[in-house]
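Structure first, then comments.
The values are calculated or read from the model by the stated rules, or taken from the named source; none is laboratory data. This is a predicted model, so every value here is computed, not measured. Cβ placement follows ideal geometry from the backbone for every residue including glycine, while neighbour counts extend to all protein chains displayed. Ligands, DNA and RNA are excluded from the accessible area calculation, which covers all protein heavy atoms including side chains. Shrake-Rupley method; radii C 1.70, N 1.55, O 1.52, S 1.80 Å.
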Amino acid sequence: MSAAVPTGADSTQPRPLDGLKVVELGTLIAGPFASRILAEFGAEVIKVEAPDGGDPLRKWRLLYEGTSLWWFVQARNKKSVTLNLKHPDAIAVLKKLLAGADLLVENFRPGVLDKLGLSEAVLKDINPSLVTVRLSGFGQTGPMAQQPGFGAIGESMGGLRYITGFPDRPPVKVGISIGDSIAALWGVIGALMALRHRDATGGRGAGQGQTVDVALYEAVFAMMESMLPEFDVFGFIRGRTGNIMPGITPSNTHTARDGRHIIVGGNGDAIFRRLMTAIGRPDLAADPSLADNAGRDARRDEIYALIDAWVAAHDGDEVLRVLGEADVPVSRVYSIEDIATDPQYLARAVFETARLPDGREFKTPAPMPRLSETPGRTDWVGPALGEHTDEVLSALGYRQQDIAALRAGGAL
């Protein structure tokens, strides 16, 4: 097993989800990201994979000796078990796993589990206390439930793509799979609330399991701030506005003389006055018509033009120094190279060091969020396909000869 190199996290320290057993059925991003978070905070996560290659994420993006570096992060602390879910003996094994589980995380298309003989009624019969987190493109109900849906579709249908980019150009995507990640976070929130309810009403073995139904488009839509009431009350349709914050001025990206892109956030009343003074416009700092956001937003083109001109007349480091000394929120736009060497990141131990299967050390994001007494940690990186099959089945009561027979019969 590939172990993490501890960077501040005590491997003997308790974690908030110690003792929680999770079964993960799913691939790629949303479901596996949700269960990754649970695993980082102590849950035993058993990831069920097809024996003929496993999760496609194992081969996505940049590969190290044939395995994705993303996989080593996304599947950390998980146990990999291979089950051929087309085989009845594999389904029997899965049912045994679920009978002792607290949580099932799955992101199949709705109806797939039913076809496998694992409908909600069957799951409830197997384990009345089981909490099931179901992540899908469009949810478990409605006219689109059976359609395939990836994060890009959820971002589009949820409203995010429509408002991302510049008004004179087509919509653009955020540079990561943000729709899947948002859905995963909602899945974790729902799981913890459902488990809290279960444990407050009798605990494991007393029933009170339930289903958390997360649709990708709804997860994205839930982040859309005031867009719906603005449309309903005023008929206002928010569109693409580039790098500014619509209705909140000034907050924008500016380019320095040396080509660095700098974010300046001067949209607080007192901050705006400090910003104007710092860039040599005390007259605007004292202008009563600019004393509040409404007044500034009415003159935003003028304000952005003068900030653009001032930033363009200075190198990036000078912009950061002057505005930093004026206590104005400011930052250059970071690349991953900037992030990896930034003193704030390093001081906060946002990275940790882990070892790849061949022993090579590499940096990986530390578990989030931070908990003062029971923090998350990495115990091992993403496992080899089926690495824990024998261990997990042995714990279910299968003898070695039973496991060998299942493997020979094509169930594992």
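Solvent-accessible surface of the chain, averaged per residue with a 1.4 angstrom probe and all protein chains in place: 49 square angstrom.
Rounded to the nearest 10 degrees, the inclination of helix 300-312 to the longest alpha-carbon principal axis of the chain is 90 degrees.
Over the chain, DSSP H runs of length four or greater, each weighted -39,500 (n - 2.57), average out per residue to a 222 nm ellipticity of -10500 deg cm²/dmol. Proximity of backbone amide H atoms, modeled 1.01 Å from N, is registered between Gly139 and Leu216 at under 5 Å, excluding neighbours fewer than 5 places apart on the same chain. Pick the calculated Cα Rg over 2.2 N^0.38 Å for this structure from [x] 0.96; [y] 1.17; [z] 1.48? Answer label, from the structure shown: [y].
Relative contact order of segment 1-130: 27 percent, from C-alpha pairs under 8 Å at least 6 residues apart in sequence. Backbone geometry of segment 221-226 corresponds, through the Karplus equation with coefficients 6.51, -1.76 and 1.60 at θ = phi - 60°, to 3J(HN,Hα) couplings of 4, 4, 9, 8, 6, 9 Hz, x marking Gly and Pro. Placing +1 on the Cβ of every Lys and Arg and -1 on the Cβ of every Asp and Glu, with nothing else charged, gives the chain a dipole about its Cα centre of roughly 800 debye. Between Ser331 and Ile263, the built amide H atoms are under 5 Å apart, and every one of these is 5 or more places off in sequence or on another chain.
Using the Karplus relation 6.51 cos²θ - 1.76 cosθ + 1.60 with θ = phi - 60°, the per-residue 3J(HN,Hα) values for segment 21-30 come to 10, 10, 10, 10, 10, x, 9, 6, 10, 4 Hz, with x marking Gly and Pro. Can you send over the carbon and sulfur percentage of the accessible area for segment 241-328, probe radius 1.4 Å, protein chains only? C and S fraction of accessible area: 52 percent. Charged neighbours of Glu225, selected by a Cβ distance under 14 Å, balance to -1 (K, R count +1; D, E count -1).
The listed residues Glu155, Glu218, once ranked by accessible area (1.4 Å probe) with the largest placed first, stand as Glu218, Glu155. Between Ser68 and Lys59, Trp60, the built amide H atoms are under 5 Å apart, and every one of these is 5 or more places off in sequence or on another chain. Karplus-based coupling profile of segment 175-182, in residue order and whole Hz: x, 10, 7, 5, x, 4, 5, 4, with θ = phi - 60° in 6.51 cos²θ - 1.76 cosθ + 1.60 and x standing for Gly or Pro. Comparing Arg58, Arg198, Arg296 in a Gaussian network model of the chain, where Cα atoms under 10 Å apart are tied by springs, the biggest mean-square fluctuation is seen for Arg296.
Largest accessible area first, the residues His254, His314 order themselves as His314, His254 under a 1.4 Å probe with ligands, DNA and RNA left out. For the residue pairs Lys86/Lys124; Lys59/Lys86; Lys96/Lys363; Lys47/Lys115, the alpha carbons lie more than 25 Å apart in Lys96/Lys363. Ordering 370-381, 338-349, 131-142 by mean Cβ neighbour count within 10 Å, with the highest value first, yields 131-142, 370-381, 338-349. Taking other residues whose beta carbon is less than 13 angstrom from the beta carbon of Ala285, and scoring Lys, Arg as +1 and Asp, Glu as -1, yields +1.
Find the centroid of the Cα atoms in segment 216-264 and in segment 81-135, then give the distance between the two in whole Å. If you average the Cα positions of each part, the centres end up 41 Å apart. Peptides 48-54, 201-207 ranked from most to least packed by the mean count of surrounding Cβ atoms within 10 Å: 48-54, 201-207. For the peptides 10-17, 65-72, the ranking by mean Cβ contacts within 10 Å, running from highest to lowest, is 65-72, 10-17.
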